1. Check cross-link reach from LYS85 to the aspartates and glutamates: straight Cα distance under 17 Å, and skip same-chain residues fewer than eight apart.
2. Cα atoms only, the range 83-207: Rg and Dmax in Å?
3. Under a 1.4 angstrom probe, counting protein chains only, how are ARG55, ARG64, ARG148 ranked by accessible area, largest first?
4. When the dipole is taken about the Cα centre of the range 69-118, and only Lys, Arg (+1) and Asp, Glu (-1) are charged at their Cβ, what size is it in debye, to the nearest 20?
5. Whole-Hz Karplus ³J(HN,Hα) for the range 59-76, in order, using 6.51 cos²θ - 1.76 cosθ + 1.60 and θ = phi - 60°, x for Gly and Pro?
6. Accessible area per residue for the range 116-209 in Å², computed with a 1.4 Å probe and the full protein assembly in place, what is it?
7. To the nearest 20 Debye, how big is the dipole of the range 81-213 about its Cα centre, given +1 on the beta carbon of each Lys and Arg and -1 on that of each Asp and Glu?
8. Could you point to the residue in CYS90, HIS147, SER113 farthest towards the positive end of the range 62-213's charge dipole, with +1 and -1 charges on the Cβ of Lys/Arg and Asp/Glu respectively?
Amino acid sequence: MGRGAAGGARRSRRASVAAGGTRRARNRNAGGSPAGAKAEPPGPAVIDLGAQSGRWAAFQERHRLSCEEAARLLLDAYEYRGLVKHTGGCHCGAVRFEVWASADLHVFNCNCSICTKKQNRHFIVPASRFKLLKGADNLTTYTFNTHRAQHTFCKTCGVQSFYTPRSNPDGYGIAPHCLDDGTVQTIITEDINGKEWEKAVREHKTIRDMSKP
């Protein structure tokens with residue numbers, strides 16, 4: 001092959017490579033990513049606070065809140081309108097929780113065998129309104145009879161601050177005497193005949209609904 005022919009061949013190969021690179025680039029750019037690659041999900045939308053931007057910034061600064069903490073406060077206030085956030089726990093402090101409920105509590109006083117022995121007065125909330133803050137590894141559970149009720153208590157101090165009632169397995173029974181001071185306004189106590197548990201729960205008009213979101 002002569003020098004001119006060889007040079008032409010090299011130019012032809014370079015042109016072919018360049019064209020291939022251009023095609024690959026076009027394929028990538030057409031969809032924003034290489035052909036066959038998954039598109040990245042869009043990022044979170046930017047919220048336009050309008051005239052409230054200044055108030056929002058001042059609120060965050062005054063309370064030393066991150067954007068996430070401030071947003072959580074807003075969401076909680078909207079989702080749990082009419083409710084307050086109670087906090088509580090066991091005696092030694094190993095178990096701590098928060099629960100959204102009314103400031104006016106409807107408390108059950110059951111006379112079944114176990115509730116009588118441990119004075120298990122409680123109010124009922126949906127599981128979605130309860131959050132265990134710490135102590136999951138410091139809880140133990142006692143069950144008996146049907147084993148549907150989950151009587152959870154602290155392994156260190158023995159206090160039952162909450163449990164899963166047999167009547168409401170989709171919720172929690174919270175001990176009002178284990179709540180921190182300052183958020184409860186009134187307590188109305190209703191006696192329930194746990195000695196005839198099936199009959200009492202069957203005839204009760206509202207207890208089953210208390211754990212519904």
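1. The reachable aspartates and glutamates, counting only those whose Cα sits under 17 Å from LYS85, are GLU69, ASP76, GLU98, ASP104, ASP180, ASP181.
2. Final numbers for Rg and Dmax: 13.8, 38 Å.
3. Output order, biggest surface exposure first: ARG64, ARG55, ARG148.
4. 260
5. The phi angles translate into 4, 4, 5, 5, 9, 6, 10, 6, 4, 5, 5, 5, 5, 5, 4, 5, 5, 4 Hz.
6. Value for the range 116-209: 60 Å² per residue.
7. So the dipole magnitude of the range 81-213 works out to roughly 260 debye.
8. Working it through, the farthest residue towards the positive pole turns out to be HIS147.
The values are calculated or read from the model by the stated rules, or taken from the named source; none is laboratory data. Since the structure is predicted, the reported quantities are computational estimates derived from the model, not experimental observations. Ideal geometry is used to build each Cβ from the backbone, glycine not excepted, and the neighbour counts take in all protein chains shown. The protein model used for the area step is the full one, side chains on, heavy atoms only, and it has no ligands, DNA or RNA in it. Shrake-Rupley method; radii C 1.70, N 1.55, O 1.52, S 1.80 Å.
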